[in-house]
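What follows draws every value from the coordinates through simple rules; no lab data is involved. All values derive from a computational prediction rather than experimental measurement. So basically every Cβ, Gly included, is an ideal-geometry build from the backbone, and we count neighbours across all protein chains shown.
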Amino acid sequence: MKALPSWRPSLKDLAELVLIGLTLPLYYLVRGSAHERVGEAVVRASQLIEFEKSLGIFWEVELQSWVLPYTGLVNLLNGFYLYGHLPIIGALAVWLYLWHRPQYLLMRNAFLISGAIGLMIYLTFPVAPPRFLPEWGFVDTVLDQYDTGRPLTPAFFVNEYAAMPSLHFGWNLLLGLGIIWNTKHIWARAFGVIMPASMFLAVVVTGNHFFLDVVAGTVVALGGLGIAYLIEKRGPRLWRLILPDRVFRHLARSD
């Protein structure tokens, strides 16, 4: 690993910390406080199953049935679903911020934009997760292991009907891309591949997402990354059109 860059904390660092420190709880607070239209969400999940069946990809129950006999593996996937997400993303953010600042800004914007897109979908398009449809053969493995849906997570942060898109997978995909793009170490790159692949297996086996939720999470995450890239490339020109010239020159010098 490279030596820690020589830097002194500045107001920009504090502003970045405040931005992340406020945005993430706000995201989960709004997501969790959304009106839970239970009947609509369950009906939409059933319609999603029928759509997957028409595509010939309704394999989630079968995949669960293959894995459920292996209790150790199920418990491992439960733990990965709960804890192999935000803690690892946080570690990636610190690494990029200290050693790859331009890439940090790109990935930070990608996470924020995709989160905003996902939040709008959750609020307007509630979908129940597979675990709420036991009549189709689904099992809630997290509940079975921990005797609670989300251990260590306050209830007001949880929206049980925000299955589509799966940002558990989408954000782990961004995590993997952030690692792969910023290191040449073979084992680190392998970790960047394993993280989203493992999360794909975890979200399905735990009964938290359908395959199409994962597809939607991929589209939203990559869409957020694409928008972030355009902002990075075209942003200065856009701000120059919006801001007074004196203000723009001041901001440009401060960068």
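Once both labels are positioned 7 Å from their Cα atoms along Cα-to-Cβ, the gap between Ile194 and Glu50 label points is 4.2 nm. Tyr97 sits among other residues whose Cβ lies under 13 Å from its own Cβ, and their net charge, with Lys and Arg +1 and Asp and Glu -1, is +1. Taking 0.36 nm per residue of separation and subtracting the Cα-Cα distance, full extension of the segment from Val43 to Met120 would add 25.8 nm.
Over all alpha-carbon pairs in the stretch 170-214, figure out the percentage whose distance exceeds 14 Å. Above the 14 Å cut-off, the stretch 170-214 has 48 percent of its Cα pairs. What FRET efficiency would be calculated for the residue pair Ile20, Glu62, taking the C-beta separation as r and a Förster radius of 35 Å, to the nearest 0.05? Taking R0 as 35 Å, the efficiency between Ile20 and Glu62 is 0.30. Each label was represented as a point 7 Å from its Cα along the Cα-to-Cβ direction; for Glu232 and Leu29 these points are 3.0 nm apart. With a cut-off of 13 Å between beta carbons, the residues surrounding Val139 carry a summed charge of -4, where Lys and Arg count +1 and Asp and Glu -1.
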